[in-house]
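The values are calculated or read from the model by the stated rules, or taken from the named source; none is laboratory data. Every value quoted in this text rests on a predicted model; they were computed, and no experiment measured them. Cβ coordinates were reconstructed from backbone atoms using ideal geometry, including for glycine residues, and neighbour counts include every protein chain displayed.
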Amino acid sequence: MSKNTPQAIRGTQDIFGAEAEAFAFVAETFERVRKLYRFRRAEFPVFEKTEVFARSLGETTDVVSKEMYSFEDRGGDSLTLRPEFTAGIARAYLTNGWQQYAPLKIATHGPLFRYERPQKGRYRQFHQIDAEIIGAGEPQADVELLAMADQLLKELGIEGVTLHLNTLGDAQSRDAWRAALVEYFLGVKDQLSEESQERLEKNPLRILDSKDPRDKPFLSDAPRIDAFLSDEARAFFAAVTSGLDAAGVNWTRAESLVRGLDYYRHTAFEFIPDEGSASAAALGSQSTVLGGGRYDGLMESLGGAPTPAVGWAAGIERLAMLVGVREEAPLEAMVLVEDDSGLGAAYALLAHLRTAGIVAEIMATGSPKKRYEKAVRQQPRAILRVNASGYYGFSGDELDPNVSAALQTYT
């Protein structure tokens, strides 16, 4: 490779072979499962006006202040490559009049962009699957989404992962809890980490999920949301947990699991690998497999009417790491062309086989001996011989039943 050859941008990746097959398997499984739950497929622009993310994620968040890829286009507008899906979906819901479909069950997947420090399972261009239910304020929507996520992970063959669940309460409950947390942490402010001291001013709930050793001694005695839940919020959470139990979704309570932005309400959740599991070993420090929550206040931040909503997202790269090696589909038939006079017949046979769902390739380069040797190295289940007159036989003891059935209908 020449020194003048351009290199890939740091934090991006070229996906090929078994890794690409695992990536595709995740997306294909997601598409199949979302259809079972009747989630509508949608596509969205890769970039939006910067204000869409600034208003929905909050000006003070790390994503907005440090991680977004923003630029000014030739018309002078500030645009941003999407760092997540939910804000763009909310914008589309409001601007396209999708309220008529409420409750709207919607799903998508594709690339996202954040300027982060690249590490295992984390890239600057990454990919996510995303599912949302917009316009449904009932706890049944939360159960539906979580049951879908649980089934997806099972159908991907991912084991050793548990749903961690918490409630943030309604607006009244959350505000009371937030005030109690601020009062508590102010009393030990000087002993907190610098990051938590900053969060105390902007996002006090986020202190609860701090991993800094300096903060941990104060977390166990911090006020808990259960002491501030209204009767309505308590009943909502009980309906979610009982629904999950009925649906056979295993979960554990995670009282430190929070969402910092004020528009989050009620359910917050993450699927996390169990300690010591193969999934935990595969992901390393990137512990969350899938996460989300209820965001009943988001539409208002974008100028819409109050609209309940709940959703989740999961990184395709991380899921692919847990899925493991996925090989290409096995080669069921190799069409071996005896000489170039048989190319036409070979093309006709290939078209017939592929229409019948048979994975097939053609070998038509080199001498007859070389062609056969190359065909054998590909390890097909059958080598079908073709000359100018058409298919005339195969190599091996017997044909695969699928190939045999396809040949019986070939004339």
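May I ask you to list the residues in segment 165-174 that are surrounded by fewer than 20 Cβ atoms within 10 Å (Cβ to Cβ) and either of a type in the set (Ser, Thr, Tyr) or at pLDDT 90 or above (or both)?
Answer for segment 165-174, where residues must be surrounded by fewer than 20 Cβ atoms within 10 Å (Cβ to Cβ) and either of a type in the set (Ser, Thr, Tyr) or at pLDDT 90 or above (or both): Asp170, Gln172.
What helices (runs of 4 or more DSSP H) lie completely within segment 130-223 and have 3 or more residues being not assigned by TED's automatic domain parsing to the domain that holds Ala254?
171-186, 194-202, 216-219
Determine which member of the set Ser65, Ser56 is assigned to a helix (DSSP H, G or I), modelled with pLDDT under 95 and surrounded by fewer than 19 Cβ atoms within 10 Å (Cβ to Cβ).
Of the residues listed, the single one that is assigned to a helix (DSSP H, G or I), modelled with pLDDT under 95 and surrounded by fewer than 19 Cβ atoms within 10 Å (Cβ to Cβ) is Ser65.
Is one or more of the residues making up segment 373-382 farther than 27 Å from Phe25 by Cα and polar (S, T, N, Q)?
Within segment 373-382, not a single residue is farther than 27 Å from Phe25 by Cα and polar (S, T, N, Q).
Pairs needed: first member in segment 356-378, among the aromatic types (Phe, Trp, Tyr); second member anywhere, in a loop (DSSP other than H, G, I, E, B); C-beta distance under 6 Å; at least 6 residues apart or different chains.
none
Do you know which residues across segment 90-129 are part of a loop (DSSP other than H, G, I, E, B), of a type outside the set (Gly, Ala, Ser) and more than 23 Å from Phe236 (Cα to Cα)?
Asn96, Arg114, Tyr115, Glu116, Arg117, Pro118, Lys120, Tyr123, Arg124, listed by residue number.
Within segment 1-53, how many residues turn out to be closer than 28 Å to Tyr69 by Cβ, among the hydroxyl-bearing types (Ser, Thr, Tyr) and not in a helix (DSSP H, G or I)?
2
In segment 198-222, which residue that is under 30 Å from the mean Cα position of the chain (by Cα) and acidic (Asp, Glu) is modelled with the lowest pLDDT?
Here the answer is Asp209.
Write out, first by first residue and then by second, each pair whose Cβ atoms fall under 6 Å of each other, whose residues are 6+ apart or on separate chains, and whose first residue, in segment 151-166, is farther than 17 Å from Gly292 by Cβ and in contact (Cβ under 8 Å) with a residue 12 or more places away in the chain while the second is in a strand (DSSP E or B) and not hydroxyl-bearing (Ser, Thr, Tyr).
The qualifying pairs are Gly160/Pro273.
Every residue in segment 179-208 that is touching a Leu at 6+ places or on another chain (Cβ under 9 Å) and loosely packed, with under 15 Cβ neighbours inside 10 Å, please.
Within segment 179-208, Leu186, Lys189 meet the criteria.
Please list, ordered by first then second residue, the pairs with beta carbon atoms under 7 Å, 6 or more apart or interchain, first in segment 389-404 and loosely packed, with under 10 Cβ neighbours inside 10 Å, second not basic (Lys, Arg).
Filtered contacts from segment 389-404: no entries.
Say whether the condition of being under 25 Å from Ser404 (Cβ atoms) and modelled with pLDDT under 95 is met by at least one residue in segment 315-328.
Yes, segment 315-328 has at least one match.
Looking at (1) under 20 Å from Pro83 (Cβ atoms); (2) within 22 Å of the chain's Cα centre (by Cα), which is the one condition that is false for Trp251?
Here Trp251 meets the rest and fails (1).
Report yes if some residue within segment 3-23 is over 30 Å from Ala102 (Cβ atoms), among the charged types (D, E, K, R) and surrounded by 14 or more Cβ atoms within 10 Å (Cβ to Cβ); otherwise report no.
yes
Filtering segment 68-126 down to residues that are in contact with a strand residue (DSSP E or B) (Cβ under 6 Å, 6 or more places away or on another chain) and basic (Lys, Arg), which residue is surrounded by the most Cβ atoms within 10 Å (Cβ to Cβ)?
So the residue we want is Arg82.
Any chance segment 267-275 includes a residue that's over 23 Å from Leu181 (Cα atoms) and without any contact (Cβ under 8 Å) to a residue 24 or more places away in the chain?
Within segment 267-275, one or more residues are over 23 Å from Leu181 (Cα atoms) and without any contact (Cβ under 8 Å) to a residue 24 or more places away in the chain.
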